[in-house]
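*Asks:* If you scroll down you'll find the structure; I have some questions about it.
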Amino acid sequence: MAFRDFETPQVSRRSFLRSGALLGAGAALGGFPFGSAAFAQAGKWANLSKLANDYVAARKVANIVAVIGAGQAAPEVVSVGTLSFGQAEPAGIDSLYRIYSMTKPVTGMAAMLLIDEGKLGLDQPLAEVLPAFADMQVQKTYDGPITDLEPAARPITIRHLLTHTAGLGYSIIQKGPIKTAYEEAGLIPGQVTKLPIAAMFGRGDAVRSLATFAERLAEMPLIAQPGTRWSYSVALDLMGRVIEVASGQTFDGFLKERIFAPAGMDSTWFQVPASELGRLTTNYGVMNGTLLPIDPPTQSVYADPPAFPMGGAGLVSSARDYDRFLRMLLGYGKIDGRRVMSELAVRVGTSNLLPEGVDTRGTFAGGAGFGAGGRVGLGDQAGTYGWGGAAGTAGFVDFRRGIRATLMTQYMAATPYPLTDEFTKAVIADLAAFAGMRAAA
């Protein structure tokens, strides 16, 4: 079903409906034409700069790179620290970071391209693309026995995959027999380290192809009835296989041809080329308050080919590249005069696509809506779309205020720092200060 035929009670081609926010509750700040260098030169990123400097000075992280942009203007950059502790090379807008789940919005927008072209339908049954997902079985008890099952009440759809409502699990989330079954089947959501501590971060050995991943996932029981519960999952990894079948291309090839190349994202990969490893930051594990290098560049898992291109957690990117992705979205599919996506594909993908009745309160989505691979706000939070990554990264666009923001750093911890929330608050505070400065001028 192409978008020209698209009309549901939730999303209409005639209006840009509710979308939402990593930006939190933020006050109505209005538009901010701060794209000139004057704002940065005036030292008005005081809150953001203090946050970055405080974290690096306390050795909580080796570096922080924050990028903020207005409309289609060039981004402003706050960067502090070095690529790793003990290294002289400063981190900056072109340094490389493991963005983990910030891969999900990229995969979500890739799916929107195919929906726009009529090669997929938002409410198309997944089994029409991957027949093995017909006749799924569902756990009667969430995270309970994997032998006490009931038939799925409805088919999994593309919408369900995009919004984590398909009933699929996640080995880093689930507990009990279903977690063990996922791990034993190699249904692993991402790479962390070559050190023998991967299990500490919920990772293990993954299957060696997207096709095999999909086949084995279809053999697992669902953890919830499709369309009834928001549960963070491997759905966007599976979407990579859906994209392969629907497009007739490899998933990584599709991303490169349809998103990365036209958007000018030349530093985003599933495998970092050997020539670019000098830009890769070190990822640290926070263990009992101590930072240990778990993935240094010269021994990085991202220097080798991945088990398969992981649409939920597999990309390495730079702050410049991710800002270009967000700038393309903020331009409703256009960047530097080039159209990457249709305006409608962006508007639909960044709107609330949750099935009716699904409530995200008490989940990572925090009571918001959810679009194509990213969290969207509702009510007074309307207008933003984005997501974060497991190693301290985050990115969002705010259509209402016309801004985009990216945070890059590298740490993994069982109890993470509140850096993402602090980043959001710092951006809001700096923009509010700028608004006051303009009003007083």
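*Asks:* Cross-link candidates for LYS119: which aspartates and glutamates have Cα within less than 14 Å, leaving aside residues fewer than 8 places away along the same chain?
*Replies:* Correct list for LYS119: ASP5, GLU128, GLU244.
*Asks:* Quickly estimate the mean residue ellipticity at 222 nm for the chain, helices only: each DSSP H run with n ≥ 4 gives -39500 (n - 2.57), and the total goes over all residues, rounded to 500. Walk me through the intermediate numbers first.
*Replies:* Numbers: 11 runs with 111 residues, N = 441.
-7500 deg cm²/dmol, from helical runs alone.
*Asks:* Follow-up question, since we're still on this one. May I ask you to list the lysines whose Cα is less than 16 Å away from that of LYS104, ignoring any residue fewer than eight positions away on the same chain?
*Replies:* Cα-Cα hits under 16 Å: LYS256.
*Asks:* Still on this structure, please answer the following. With every protein chain in place, what's the accessible area of ARG338 (1.4 Å probe, Å², nearest 10)?
*Replies:* The accessible area comes out at roughly 130 Å².
*Asks:* How far is it, in nm, from the label point at GLN299 to the one at ASP266 when both lie 7 Å from their Cα along the line to the Cβ?
*Replies:* Placing both labels 7 Å along Cα→Cβ, they lie 3.3 nm apart.
*Asks:* On to the next question. In debye, nearest 20: dipole of the chain around its Cα centre with unit charges on the Cβ of K, R (+) and D, E (-)?
*Replies:* Working: 39 positive and 38 negative charges, 201 e Å.
Using only the charged Cβ atoms, the result is roughly 960 debye.
*Asks:* In the chain, what percentage of the DSSP-assigned beta bridges are antiparallel, given to the nearest 5? Before the final figure, lay out each step's value.
*Replies:* Details: 44 of 49 bridges.
Percentage antiparallel, nearest 5: 90.
*Asks:* If you average the sequence gap of Cα pairs under 8 Å that are 6 or more apart and divide by the length of the range 252-355, what percent do you get for the contact order? Walk me through the intermediate numbers first.
*Replies:* Values: 106 pairs, mean separation 30.4, N = 104.
It rounds to 29 percent for the range 252-355.
*Asks:* Which lysines have a Cα lying under 19 Å from the Cα of LYS140, excluding residues fewer than 8 positions away in the same chain?
*Replies:* Within the straight-line cut-off, LYS140 pairs with LYS175, LYS179.
*Asks:* Now for a separate question. With charges only on Cβ, +1 for K and R and -1 for D and E, what is the dipole size of the range 337-441 about its Cα centre, in debye, rounded to 20? Show your work: numbers first, answer last.
*Replies:* Details: 10 positive and 8 negative charges, 78 e Å.
Dipole about the Cα centre, nearest 20: 380 debye.
*Asks:* Counting only C-alpha contacts under 8 Å and six or more residues apart, can you give the relative contact order of the chain as a whole percent?
*Replies:* Numbers: 994 pairs, mean separation 122.9, N = 441.
Answer for the chain is 28 percent.
*Asks:* Any idea how far the Cα center of the range 157-235 sits from the one of the range 290-340, in Å?
*Replies:* 21
The values are calculated or read from the model by the stated rules, or taken from the named source; none is laboratory data. Everything quoted here is computed from the prediction, not taken from an experiment. Methodologically, a virtual Cβ is constructed for each residue, glycine included, from the backbone with ideal geometry; neighbour enumeration extends over all protein chains shown. Remember, those area values only see protein heavy atoms, side chains included, never the ligands or the DNA or RNA. Shrake-Rupley method; radii C 1.70, N 1.55, O 1.52, S 1.80 Å.
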